Amino acid sequence: MASTACFVIVSKNDIPIYEAEVGTAPRKEEVAYQHQFILHAALDIVQDLAWTTSAMFLKSVDRFNDLVVSVYVTAGHILFILVSKLCLYIMLLLWPCYYACIL
C-alpha cells in the first residue's frame, strides 16, 4: 500500500520551521498542495484546542477524506503536526521529535 504523510514543525507564531513529505508513494505536486491546505485549515482548530485542554497530544484534530491530522503541542507552544492516512502509532512517531526538542 503506497501512501504519503506530511510532517511539519510550526513555531508559536505560526511560522513553519520544518516540513517533510515522507512515504512510499510516488511524489506528486498536487498531494503536497493538498497536505499544505489541510495543515493550514487545521491550525485554527489546533490553536483553539491548545488553550482549552491540558493534553499535549491531540489525536485526530481534523479529518479530510481519508487523511487525519494529529498534533503534539510542546510546553513552548511549538506544534509537531502530522497528516497521514494511518492513525495507528502516531504518538510513537511524534514522541521522539518532542524529546529531541526539549534536550
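Any idea how far apart Arg63 and Ala75 come out in nm if each label point goes 7 Å out from Cα toward Cβ?
Here the answer is 3.4 nm between the modelled labels.
If you plug each phi of the range 13-19 into the Karplus form 6.51 cos²θ - 1.76 cosθ + 1.60 with θ = phi - 60°, what whole-Hz ³J(HN,Hα) values come out, in order, with x for Gly and Pro?
9, 6, 9, x, 9, 8, 9
Values in this text are rule-based calculations from the coordinates and carry no lab data. Note that this is a predicted model, so its numbers are computed, not measured. Cβ: placed from backbone, ideal geometry, glycine included. Neighbour counts: every protein chain shown.
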